[in-house]
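Taking it in order: structure first as structure tokens, then the write-up.
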There are 2 protein chains.
Amino acid sequence: MKARKTATRRLRAPSLPAAALHRAEQLCTKAGERLTPARINAYAELLTQKNPISAYELLALMEQREGRKLAPLTVYRQLDFLVRVGLVHKLTSAQAYVACEHPDHPHDTLYLVCSSCGKADELESERVAELLSKAARSRGFKPGKAIVEVPGLCQTCRQPPDGADGIGVAGAR
Amino acid sequence: MKARKTATRRLRAPSLPAAALHRAEQLCTKAGERLTPARINAYAELLTQKNPISAYELLALMEQREGRKLAPLTVYRQLDFLVRVGLVHKLTSAQAYVACEHPDHPHDTLYLVCSSCGKADELESERVAELLSKAARSRGFKPGKAIVEVPGLCQTCRQPPDGADGIGVAGAR
DNA sequence: AACAATAACGTTATAACGTAACACTATACA
DNA sequence: TGTATAGTGTTACGTTATAACGTTATTGTT
């Protein structure tokens, strides 16, 4: 067997793309929040992920990246921050976190979540937001940002390529 | 101090109203599921609750009711069943369970959830369901039942009566 | 620059939520 | 009346999240 190129050794911090960093800084300034190095690291790590990941998965990634043990609380605080400023959404039905695809303006959490591969597709829908907000207000309810998660099967998982068996992928959440 | 009328002694099983029982039986027959005594008890206990409760709160209620210790798994299995047949909804953002107000037909989970008192108001919206379903299908995504949870403040908590301080109620989830 | 006020971070411990594995029991149906 | 299947009980364990408290860094003010 050939030597693995990427063993479990410590890695450098993932560099947050300049554009993303700039947007994040603007968001935080506007919200009166501080964008610290630790928070940038957590956000950068999340941005490297294709699919939503759990807080503990993020913890493991960051530990590997930084080459030291971290407490769960550290990661939870950073996630709380990222969700608060709108850079990240929490998918409560999967207990997983994913970087927002258009964090420029605050909006509801609205995702299609594949039960097979774990992929989460973010949608935008002014109409859904409006319907929910109107329904809430008509009942005297003051609404916050809605959570909308549609479980199901993504296109890829519905049309398995030759040789696939339709059984869920290991690690799918 | 006078003796309390309802101490922590064992209580009888809450009687499930006949109409509710009948509806539940029909639902289960239609779904090919069995409505066992243990499941009826769990459902009846949930029906006595005004607000959503956690699995462990339900566990404690049932233990008190039955006068013996139960394993968490027991309650989780009964909750899984009740959710599966549509008698109960899970509010994932609050990790809590609540009896459905119109279990006669299957539908999305759609609630206004008060962050202060924990109350959950179930809504119906064919339009939201349709919008989400269409958005999903247009992306090749095969949707299951959507989860829609709108956090916020209910009318009561927005208009605190004299003497109230607007601070959250102990036990609010 | 020195100070106070506040926000963020680190550490330890623990609470809350949920599931795996396996043996046993009840029900349904041939 | 067997036999297959679904449900239940029990023990143990895994995952997710927070409490409490002290330290460090940043900000805004003299």
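Here, each number is a calculation from the coordinates, and none is a lab measurement. A quick note: this is a predicted structure, and the numbers were derived from the prediction, not measured. As a convention, Cβ positions derive from the backbone with ideal geometry for all residues, glycine included, and neighbour counts pool all protein chains shown.
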Exercise. So what J values fall out for the range B:148-159 if you push phi through Karplus, 6.51 cos²θ - 1.76 cosθ + 1.60 with θ = phi - 60°, rounded to Hz, Gly and Pro as x?
Worked result: 10, 10, 10, x, x, 10, 6, 4, 4, 6, 7, 10
Problem set entry | Ranked B:Lys119, B:Lys134, A:Lys142, criterion: other C-beta atoms within 10 Å, fewest first | B:Lys134, A:Lys142, B:Lys119
Problem set entry | Between the range A:11-40 and the range A:98-141, the alpha-carbon center distance in angstrom | 23 Å
Problem set entry | Point-charge dipole on Cβ atoms (K/R +1, D/E -1) for the range B:107-160, about Cα centre, debye to 20 | 280 debye
Exercise. Among A:Arg34, A:Arg39, what is the fewest-to-most ranking by other Cβ atoms within 10 Å?
Worked result: A:Arg34, A:Arg39
Exercise. Rounded to the nearest 20 Debye, what is the dipole magnitude of the range A:18-158 about its Cα centre when Lys and Arg each give +1 and Asp and Glu each give -1 at the C-beta?
Worked result: 360 debye
Exercise. Quick one: if you stick a label point 7 Å off each Cα along the C-beta vector at A:Lys134 and A:Asp80, how many nm between them?
Worked result: 3.7 nm
For this session: Treat the count of other C-beta atoms within 10 Å as a stand-in for reagent exposure and order A:Leu82, A:Leu21 from fewest to most.
Result: A:Leu21, A:Leu82
For this session: Quick one: dipole size for the range B:13-101, taken about the Cα centre, charges +1 on Lys/Arg Cβ and -1 on Asp/Glu Cβ, in debye to the nearest 20.
Result: 140 debye
For this session: Report, for the range B:107-160, the % of DSSP beta bridges that are antiparallel, rounded to 5.
Result: 35 percent
Seminar exercise, completed: Expected integer from the mean partner chain Cβ neighbour count at 10 Å over A:110-117 is 3
Seminar exercise, completed: When the charge dipole of the range B:107-160 is computed with +1 at the Cβ of Lys and Arg and -1 at the Cβ of Asp and Glu, the Cα pointing farthest to the positive end, of B:Ile147, B:Ala120, B:Ala136, is that of B:Ala136
Exercise. Once the Cβ-Cβ distance between A:Ala60 and B:Lys69 is put in as r, and R0 is 25 Å, what FRET efficiency do you end up with, to the nearest 0.05?
Worked result: 0.10
For this session: For the range A:18-158, list log₁₀ I(q)/I(0) at each q in 0.09, 0.14, 0.20 Å⁻¹, using the Debye formula over Cα point scatterers of equal strength and ignoring solvent, two decimals each.
Result: -0.30, -0.72, -1.25
